[in-house]
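The values are calculated or read from the model by the stated rules, or taken from the named source; none is laboratory data. Because the structure is predicted, anything quoted here is derived from the model rather than measured. Don't worry about glycine lacking a Cβ; one is built from the backbone with ideal geometry, like all the others, and counts go over all protein chains shown.
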């Protein structure tokens, strides 16, 4: 199942709905890396346009790739890249695969302008060999411009309580399990 995962730090929105670049959190990076090893994620993309934040991503990834740290219970992070923009990730993925991935956005809100892609539908498309890049936004989620630009929008996660602002690490875990976990 050819699925890439993009943890997007820009463009995302804050609690007021303003478009921002959110900060990189080292635990989000390490947990996203770990989850991309647990599930068959082809490549993890950490996206931030802020140079200091990209430098932090590179330091964290260098730490996770350090062969001297093997055997300490830390997985090595090989198929992970920090890039400045989603287009950079898409261009790199296309160069590697020969096809541009279908972008699938995530949001706590159902799309207003199209039908949401169900988890079953996404699983079927992945099983048929379609290459996808799952876009997960930090802060309060992907900015509207990113949701509209995506090729599809996945149905929202819901715990059934009406409060659906998942921590990003939890959302990634649930999303990957629903898309790539055993059935």
Point to revise | the stretch 82-117, residues that are within 21 Å of residue 33 (Cβ to Cβ) and in a helix (DSSP H, G or I) | key: 86, 88, 89, 90, 92, 93, 96, 97
Review point. Just checking, how many residues over the stretch 126-143 are outside any loop (DSSP other than H, G, I, E, B) and touching a strand residue (DSSP E or B) at 6+ places or on another chain (Cβ under 7 Å)?
Key: 8
Practice item. Pairs only if they're at least six apart or on different chains, beta carbon under 8 angstrom, first in the stretch 99-125 and at pLDDT below 95, second surrounded by fewer than 20 Cβ atoms within 10 Å (Cβ to Cβ) and part of a helix (DSSP H, G or I); list them, first residue then second. Key: 113/148
Review point. Hey, any hits in the stretch 142-152 for a residue that's buried (at least 16 other Cβ atoms within 10 Å of the Cβ) and touching a helix residue (DSSP H, G or I) at 6+ places or on another chain (Cβ under 7 Å)?
Key: no
Check your understanding: Do you know which residues across the stretch 1-23 are crowded, with 16+ Cβ neighbours inside 10 Å and part of a loop (DSSP other than H, G, I, E, B)?
Key -> 1, 2, 9, 10, 11, 21, 22
